[in-house]
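Chemist: A single structure is presented below for examination.
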Amino acid sequence: MGGTERWEVAPDAGRPEGRACSHLDLIEQSGAPGAAPATGCQGCAPHAARWVRLRQCVTCGYVGCCDSSPGRHAYGHHARSGHPVAVSLAPDEDWAWCFPDEVFLVRARPDAADPPTGGARY
């Protein structure tokens, strides 16, 4: 990771306007996520457990499984460490999640008329 790509809070039709993220600087400084490791979730791997999707902590690079996985290791890492933002490593997803602010983050659009770039599952 490492770069200066701009990110923004994704529009959310189910919540009022004006949602903000106080941690955008962390993801912008970290740049693009790394590739998903062959071993998968760092919490599941030692137990040969299965996971659904992988998330990477932008603060330290920890790779954990998503909330749809039995272990919920990405959230568990946030709860233990306080690291606020995880980015999706799924190839069809291009977004991040800020745990404390409870918002999706997507790459900033060069033109506000363009649709968000969150990928198929965003």
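The values are calculated or read from the model by the stated rules, or taken from the named source; none is laboratory data. Fair warning: this is a prediction, and the values are worked out from it, not measured in the lab. Methodologically, a virtual Cβ is constructed for each residue, glycine included, from the backbone with ideal geometry; neighbour enumeration extends over all protein chains shown. The protein model used for the area step is the full one, side chains on, heavy atoms only, and it has no ligands, DNA or RNA in it. Shrake-Rupley method; radii C 1.70, N 1.55, O 1.52, S 1.80 Å.
Chemist: Are any of the residues in the stretch 49-62 open to solvent by 70 Å² or more (accessible area, probe 1.4 Å), farther than 23 Å from GLN29 by Cα and not aromatic (Phe, Trp, Tyr)?
Modeler: Yes: one or more hits.
Chemist: When PHE104 is evaluated against the numbered criteria (1) at pLDDT 90 or above; (2) part of a loop (DSSP other than H, G, I, E, B); (3) touching a Phe, Trp or Tyr at 6+ places or on another chain (Cβ under 8 Å), which criterion, by number, is the only one it fails?
Modeler: PHE104 satisfies every listed condition except (2).
Chemist: Something else now. Would you be able to say whether some residue in the stretch 108-115 is at pLDDT 90 or above and open to solvent by 70 Å² or more (accessible area, probe 1.4 Å)?
Modeler: No.
Chemist: Are any residues in the stretch 63-82 surrounded by fewer than 19 Cβ atoms within 10 Å (Cβ to Cβ) and either on the phi < 0 side of the Ramachandran plot or touching a residue at least 12 places away in the same chain (Cβ under 8 Å) (or both), and if so, which ones?
Modeler: Once the filter is applied, which keeps residues that are surrounded by fewer than 19 Cβ atoms within 10 Å (Cβ to Cβ) and either on the phi < 0 side of the Ramachandran plot or touching a residue at least 12 places away in the same chain (Cβ under 8 Å) (or both), the stretch 63-82 yields ASP67, SER68, PRO70, TYR75, GLY76, ALA79, ARG80, SER81.
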